[in-house]
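Below is one structure, written out as structure tokens; the observations come after it.
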Amino acid sequence: MPGALYSYSVKELGGAGNLADSVAAPSVQRPNEFTPTNPSVVNTVNVAIAPAAPTTSALNTTIQYAQAIAADSVANFGTQSTPVVVTLLETLDDAGDLASYLIQPVPKFWFGNIRIVMNGLTDAQRTTITNLDIGSQISVTKTFPKSTPSTVTQLMALEGISHDISPDRHIVTLYTNPARIYTYFIVGTDTVGNDAKGLG
Amino acid sequence: MAVVVPNCGTYMVEMDYGATTNAFIVDDPVAGIIGSTTYLIEGSPLYVDVTSYVKSVSINRGRQNRYRDATGQPGSATIVLEDRDWYFSLVNTASPYYNSTQGRLGFELNTNVRISRNGTYLFTGIISGYNQSIEKPNRSLVTVTCSDKLFSLNNIKTPAFTPTVQYAGARINTVLTNAGLFTGTTDRDIDTGVAKLGTAPVDESASILEYLQRINNSEQGRFFIEAGGQFAFDQRLTGQYQAIEAVLADTGGTAIPFTEFDIVSN
């Protein structure tokens, strides 16, 4: 399932398996095994599936993995790869889908760490902020005095939220990441090709 | 007693000190009826409102950057109490929260905490640390550190089993059910998942939290404890409709204003 900016190929690695445990590894060591040293660009992702258990007729197990490569990104930034990570996935097709999902061909930026002082809001606005939780989608618009375009709006998904509450104030900080979700496309209003709009 | 923060709302910090309500009592004509849905064997935690003693509260839930931070890290809260009546002192046997059966203060590791604004929970969890400091001449400050229930999943091992082929959401449900966790009808908010998981056996060496991390390594969604205490799992998002729940802007009107932000990169 090649994407617009990249394609991936599925490879099979032969030889005896020298595997990570097929159950959990301590999270303190590698909380997310796919996280490379510098996650700004990830253009080569290797996702393996757990091998079958050895049998008397097949003592040596083989690691099979899918590899997604964003060729244009490799040309621009060099190879930025993850290690081969053994997952719990069932098939190489599943591994290929995950490898594609994890590709980050170019650096991203977004509006994050957004601080809101609850004291300055209306009751309705305070209720809206109180009801936000991880996974909520928000939009953020910022105007810039010396920038083109002068107004930028981003759709974000909340990944984290913090509250600092004292007897005289309540400050909320929203930790956002770019949304992979969209709002309805409105005929006559929205433009074709806007990744943030969909048919629902 | 809940406390009003001017121009913010009504806040309440509640802590459980080991007492219970609606507990089953043998031979009691009301609380001892077998089959009652009101009176339960272990009862429910009896929360006490400590808000009037609170000096400050900070809450941190989730992660800041999904490209750099792992999901499934326990949320935390820190509550600083101005203990003017010494009710929260570890050495005061006359405190109303002293548990004479246990011979120690009732606020202790793993007792429940919840923090709300206008009745909506901002944090639900358990005490993970309790520290009392005394300043001259006799000022007692108590710092209560709390974690949500993901914290306790690190101390519970998975029962060994060989799973069937399942989507990530079903596997999470299986793991939680096998361990007897979040078993209430509204205790879980779990997506189906995109990743289809194979039959690699699960052994008893892994903690629940470690295995959930392993599942999510295959899914790349997120799991967390919601502000109200439910276990939540969001599947990998590949483009689907979701409503905008808040509109923030510095342009005035009805949009919610913010004071500052960073332009963050992955």
Gain in length, residue A:143 to residue A:84, computed as 0.36 nm per residue apart minus the alpha-carbon separation, to one decimal in nm? 16.9 nm
Residues hit by the 50 Å² burial cutoff in the stretch B:105-120, accessible area with a 1.4 Å probe, assembly against chain on its own, are B:117
Debye-sum result for the stretch B:1-151 in log10 I(q)/I(0), which assumes one identical scatterer on each alpha carbon, at q = 0.10, 0.12, 0.18, 0.20 Å⁻¹: -0.44, -0.61, -1.11, -1.24
Regression test value, accessible area per residue of the stretch A:59-177, probe 1.4 Å, units Å², expected 39 Å²
Sticking with the crude label model, points 7 Å out along Cα→Cβ, report the distance from residue A:60 to residue B:4 in nm, one decimal please. 7.8 nm
Two pseudo-spin positions, 7 Å from Cα along C-beta at residue B:143 and at residue B:241, lie apart in nanometres by 4.9 nm
Total accessible surface hidden between B and A, rounded to 100 Å², 1.4 Å probe: 7500 Å²
For residue B:90 and residue B:135 in one chain, what is 0.36 nm times their gap in residues minus the Cα-Cα distance, to one decimal in nm? 14.7 nm
Most mobile of B:213, B:64, B:73 per a Gaussian network model of chain B (Cα springs, under 10 Å)? B:64
Plugging the Kirkwood radius over Cα pairs into Stokes-Einstein for chain B, at a temperature of 20 °C and a viscosity of 1.002 mPa s, what D comes out in µm²/s? 100 µm²/s
Net lengthening on full extension, residue A:164/residue A:131 (0.36 nm per residue, minus Cα-Cα): 10.3 nm
Sum of -39500 (n - 2.57) over DSSP H runs of 4+, divided by residues of chain B (222 nm, nearest 500): -3000 deg cm²/dmol
Structure shown: which of A:142/B:149; A:108/B:55; A:142/B:55; B:157/B:196; A:108/B:157; B:55/B:157 lie over 28 Å apart, alpha-carbon to alpha-carbon? A:142/B:149; A:108/B:55; A:142/B:55; A:108/B:157; B:55/B:157
So which residue, out of B:224, B:24, B:233, gets the largest mean-square fluctuation from a GNM of chain B using Cα contacts under 10 Å as springs? B:24
In the stretch B:1-136 the accessible area split gives carbon plus sulfur, as whole percent at 1.4 Å, a share of 51 percent
In Å and whole numbers, how far do the C-alpha atoms of the protein assembly as shown stretch along each principal axis, longest first? 70, 70, 47
Kindly provide the trypsin sites (Lys or Arg not before Pro) of the stretch A:124-162 that DSSP labels as loop, not H, G, I, E or B, and whose Cβ sees at most 11 other Cβ atoms within 10 Å. A:146
Calculated FRET efficiency for the pair residue A:191/residue A:71, C-beta based, R₀ 51 Å, to 0.05: 0.95
Accessible-area loss of at least 40 Å² (1.4 Å probe, chain alone to full protein assembly) applies in the stretch A:59-95 to A:88, A:89, A:90
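The values are calculated or read from the model by the stated rules, or taken from the named source; none is laboratory data. All values reported here derive from a predicted model rather than from experimental measurement. Please note: Cβ atoms are built from the backbone with ideal geometry, for glycine as well, and neighbour counts cover all protein chains shown. The area values use the complete protein model at the heavy-atom level, side chains included, leaving out ligands, DNA and RNA. Shrake-Rupley method; radii C 1.70, N 1.55, O 1.52, S 1.80 Å.
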